[in-house]
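Everything on this sheet refers to the single structure shown next.
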There are 6 protein chains.
Amino acid sequence: MATVPLIEYEDATPDVRAIYDDIRATRKTDFINNFWKALAVNPAQLKRTWEGAKAVMAPGAIDALTKEYIYIAVSVANGCSYCIHSHTAAARAKGMTEAQYGELLAVIGMAHSTNGLVTMMQVPVDDAFKVQ
Amino acid sequence: MATVPLIEYEDATPDVRAIYDDIRATRKTDFINNFWKALAVNPAQLKRTWEGAKAVMAPGAIDALTKEYIYIAVSVANGCSYCIHSHTAAARAKGMTEAQYGELLAVIGMAHSTNGLVTMMQVPVDDAFKVQ
Amino acid sequence: MATVPLIEYEDATPDVRAIYDDIRATRKTDFINNFWKALAVNPAQLKRTWEGAKAVMAPGAIDALTKEYIYIAVSVANGCSYCIHSHTAAARAKGMTEAQYGELLAVIGMAHSTNGLVTMMQVPVDDAFKVQ
Amino acid sequence: MATVPLIEYEDATPDVRAIYDDIRATRKTDFINNFWKALAVNPAQLKRTWEGAKAVMAPGAIDALTKEYIYIAVSVANGCSYCIHSHTAAARAKGMTEAQYGELLAVIGMAHSTNGLVTMMQVPVDDAFKVQ
Amino acid sequence: MATVPLIEYEDATPDVRAIYDDIRATRKTDFINNFWKALAVNPAQLKRTWEGAKAVMAPGAIDALTKEYIYIAVSVANGCSYCIHSHTAAARAKGMTEAQYGELLAVIGMAHSTNGLVTMMQVPVDDAFKVQ
Amino acid sequence: MATVPLIEYEDATPDVRAIYDDIRATRKTDFINNFWKALAVNPAQLKRTWEGAKAVMAPGAIDALTKEYIYIAVSVANGCSYCIHSHTAAARAKGMTEAQYGELLAVIGMAHSTNGLVTMMQVPVDDAFKVQ
């Protein structure tokens, strides 16, 4: 139950269609997922977000699969169900094995636990961790 | 300003000292960071947490540096300042370059943005992302 | 799937009915939304919350539509799906245009992004931003 | 204690200086706040973020002060201390009165409360709030 | 570094003084903590919040110390440093032992961990947990 | 729609079955809830989590029902719907009355509100709340 209509390709304005075309060409698939169809409610925001995502998620000093792990980690902590589903699917499409999924799960579970423990005890930052 | 006292090695009970010794041996350093000194308020929890962390953060199907990225990502989303400092320092100690830091930053920034956009629009999960 | 029963007008105790009556009179509609029907599990809390909401959401130094934008912004960051739906509907009922929705979306997306960036880098507060 | 160095104008590369120059020209002040000096760790991200912020925060269908209210609301819910300080200062610079601050505070407090109440009771979305 | 001035008793308006007087009388101490001095920026909100807190935190079907545990738990998950400090102090003043603190810590750490694990795996609610 | 398959007893490996057997014996019921069936994707994590939960949630210096209140409080603030459902059911099974539920609700609502108010005003910690 989105709070905005999902805009299909055939109903889109030319500027939205241009982004959809670039998504399809970049990803080599006709599939446009619901996030972009919803974001088309604001074409300038759609363009900014797509261009940002295309630049940021491309492999560079960090590989593309690792970037999906990071995305999943943020999405879990923020409780974004859609984002967890889409980036877990993306990670699997990029080769994440079940052993890797299991370790990702364990690290995320551990991080949540120690985040809570540290915050409750209000542990002060060690000098050794400070950047000069 | 922790809400608990930080327990130094010399003031610790034998069960706490045993964990401190294992932290030192495992990490090959005498340095015990404040998190463990605070957690010593509950020795059973200290033991559980250290043993969990030792098992979970060891390299496996996911390498040790990537696990630090994931830890940072969760800690940022949860707003845990201590955790961000300690795991950024750990990532650098494990070889994170400034180029990698910069890309980690960009992915985390992007993930927060799309988490917010998706949540505001309440985008429904695409069938393609569902596990059978 | 609420974790409490939803209490309809006809099944409500007199003190709950009095609140329902005031909601109806204030909003000039017979419609009571599910939040209040659930909150009736604790009549004193229902009364406190309704009276607070009535006072706080009334137009004053900030107009009623702007207050809905603020409510949506908080609800998105807290991941409260019900609250996002109800306050987006309320904003539309108070005249929010699609152009305004699109800009609200963009600001919320931007704020989430820079919140994440700032938190990851632990940026210190500029002196210029401090209140004397 | 940032986890990155803050890059001053005189130490910046030409691409970073170009952004700093645009910030100064757009805002009609020589002051560059710490967020941008930290973000210069990744010049491409600095450019993307500044250009996004410039476009998104400009007055449009929603006025500039209201956009600051929204920014503050998100930043409070995400617990971003720096962001709260900087956008509260920005709101005051754009004319926010103390009466408006007081009402903003009240709405944000109310929204947090009802977000928690709704989430605890897992209130189902009313059909009336759903977009057709 | 509050974003509002802290209002002392001698500088307060009569309506704010009346609340301060009631806080002192209820708590049987002259001490007014900073939260109330800050909240005095909006006297109506100060009154609403104090009266709500006085009613809600009083012992009833749940005792006063347990209510502090619950308050700490929420404050940790929301990352509110001030709230963690003030309610940990309140719990100790109401008799919380170090053994109880240690168990509270363990439960909060465990809850954060399983919250993260459940959210990452998007576990569906068992029918057995649903209210008829 | 979990992002992992739920593993039933008959399909489980021996190490997973051993945990399921211990859950059943400890809880004196054949029912295994979905969390454990999902977590079986990583048997070592399943074992660590179950053993941690068994130790932490047992009555000690804090009784078992109070521990459920704390768990619910964390889960609400983290927005974990599954966790709210399962621990609300657990609290009821351990004797939580509707009056207690209503007070738990009121405390959690109050804590969320003051967390937001404090964070927005960035209230500094009183010296009286600091541990020496």
Problem - Matching entry among C:117, C:104, C:39 (being more than 26 Å from residue A:43 (Cβ to Cβ), buried (at least 23 other Cβ atoms within 10 Å of the Cβ) and not polar (S, T, N, Q)) - result: C:39
Handout entry: Those residues of the range D:50-90 which are aliphatic (A, V, I, L, M) and in a loop (DSSP other than H, G, I, E, B), in sequence order
Key = D:58, D:61, D:62
Handout entry: Checking residue B:92 against (1) within 19 Å of the chain's Cα centre (by Cα); (2) surrounded by fewer than 20 Cβ atoms within 10 Å (Cβ to Cβ); (3) at the interface with chain A (Cβ under 8 Å from one of its Cβ atoms), the condition it does not meet
Key = (3)
Exercise for the section: Check whether at least one residue in the range F:16-31 is at the interface with chain E (Cβ under 7 Å from one of its Cβ atoms) and closer than 29 Å to residue C:77 by Cα, and report yes or no. Expected result: no
Problem - Failed criterion for residue D:102 (all others in (1) touching a residue at least 12 places away in the same chain (Cβ under 8 Å); (2) not assigned by TED's automatic domain parsing to the domain that holds residue D:2; (3) not hydrophobic (A, V, I, L, M, F, W, C) hold) - result: (1)
Problem - Test result for residue E:45, at pLDDT 95 or above, under 23 Å from residue A:120 (Cβ atoms) and at the interface with another protein chain (Cβ under 7 Å from one of its Cβ atoms) - result: no
Fill in the blank from the handout: Residue hits (the range F:93-125; charged (D, E, K, R) and part of a helix (DSSP H, G or I)) are F:98, F:103
Handout entry: Candidate set from the range C:58-89 (those that are more than 7 Å from every other protein chain (Cβ to nearest Cβ) and surrounded by fewer than 21 Cβ atoms within 10 Å (Cβ to Cβ)); member that is nearest to residue C:115 (Cα to Cα)
Key = C:65
Problem - Matching residues in the range C:1-41 - criterion: being part of a loop (DSSP other than H, G, I, E, B) and in contact (Cβ under 8 Å) with a residue 12 or more places away in the chain - result: C:2, C:4, C:5, C:6, C:7, C:8, C:12, C:13, C:32, C:33, C:40, C:41
Completion exercise
Of the conditions (1) under 13 Å from the mean Cα position of the chain (by Cα); (2) buried (at least 22 other Cβ atoms within 10 Å of the Cβ); (3) assigned to a helix (DSSP H, G or I), the single one that residue F:46 does not satisfy is (1)
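The values are calculated or read from the model by the stated rules, or taken from the named source; none is laboratory data. Computed from a prediction, not measured in an experiment: that's the story for all the values here. Glycine also receives a Cβ, built like all others from the backbone with ideal geometry; neighbour counts cover every protein chain displayed.
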